[in-house]
1. Roughly how many whole Å is it from the C-alpha centroid of the stretch 42-83 to that of the stretch 167-243?
2. With N set to the residue count of the chain, report its C-alpha Rg divided by 2.2 N^0.38 Å to two decimal places.
3. If you build the Cα gyration tensor of the stretch 120-228 and take the root of 5 times each eigenvalue, what three semi-axes come out, in whole angstrom, biggest first?
4. Give the cross-link partners of LYS15 among the lysines, using a straight C-alpha distance below 19 Å as the criterion and excluding same-chain residues fewer than 8 apart.
5. Antiparallel as a % of all DSSP beta bridges within the chain, to the nearest 5?
6. Residues in the stretch 219-248 near a label at ARG22, defined as backbone nitrogen under 17 Å from the 7 Å Cα→Cβ point?
7. Give, as a single signed number, the net charge of other residues whose beta carbon lies under 13 Å from the beta carbon of THR2, with Lys and Arg counted +1 and Asp and Glu -1.
8. Could I have the simple spin-label model distance between TRP179 and ASP54, label points 7 Å from Cα toward Cβ, reported in nm to one decimal?
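The values are calculated or read from the model by the stated rules, or taken from the named source; none is laboratory data. A quick note: this is a predicted structure, and the numbers were derived from the prediction, not measured. Quick reminder, even Gly has a Cβ in these numbers, built from the backbone with ideal geometry, and neighbours come from all protein chains shown. Keep in mind that these areas ignore ligands, DNA and RNA; they rest on the heavy atoms of the full protein, side chains included. Shrake-Rupley method; radii C 1.70, N 1.55, O 1.52, S 1.80 Å.
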Amino acid sequence: MTKVLGIDVGGTGIKGALVDTRKGELVTERKRYPTEGKIKPVEVMDLIAKFVDDLQWQGLIGIGFPAIVKNGVALSAANISKKWIGMNIDEAVHQKTGLNTYALNDADAAGIAEMRFGAGRPFQKEIVIVLTLGTGIGSAIFVRGELLPNTELGHLEIRGKIAERRASDAIRQKKDLSWKKWSVLLQEYLDEVEFLFSPDILIVGGGASKYHEKFFPHLHVHAQLLPAEHLNLAGIIGAAWYAGHVAK
Ligand code: BGC
């Protein structure tokens, strides 16, 4: 078995587990530590060290991170502390834990998990867009199985406002919108995504995906609309798989 510690850094907490990267399955229970305010580097480093300690982990670490991440460096900070910008996440975690680490965008991680081990598996010849609906909106585009990284479709503008500030799951919760009312905002967003990219398949992941039965019936899209099979575990699984793959 090839095991990697998969970590998913989110806007309101950090989740992790050991993952069997051949099967794309968790081999330890998923743990989540909530965080308050915009998540800062020192908090994340401490929590990662805690995961490593708790699991007595000595191997690779993969991190799904909610920003543009190029070669391990965070290049944006929409829902996280601005202190991240320019920081090399791979190096910082290595310094803290002594373990080899590879970070990538969180939605790219979730997308990879779905394409390899989940709802996207049958669609290796199609155009697939994975959207994660959580604190923000994340995106991953796969063209015939190949990922175009760091697409940031949550930052498309709808009616002059950044899409994730209108239609994310966090906005639904904050404004206490009914599923139906939220679906109207989501529909506008999906219309724009479809107009610009004409995907064959749309996979919805992130925190909201476990409630897909409540809002999918209100949505009308041309693409085939599917919930993420791994729901909000996809980020952990994909991050672990990515690290295992890059380290080879
Ligand atoms: C960030 C993306 C991230 C998404 C989901 C957005 O605010 O800009 O990089 O994938 O949130 O966490």
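1. What the calculation gives is 24 Å, centre to centre.
2. 0.95
3. Values: eigenvalues 93, 44, 30 Å².
Working through the eigenvalues yields semi-axes of 22, 15, 12 Å.
4. Excluding near neighbours in sequence, the set is LYS3, LYS31, LYS38, LYS40, LYS50, LYS96, LYS210.
5. Within the chain, antiparallel bridges account for around 60 percent of the total.
6. 241-242, 244-245, 248
7. +2
8. Those two pseudo-labels are separated by 3.1 nm.
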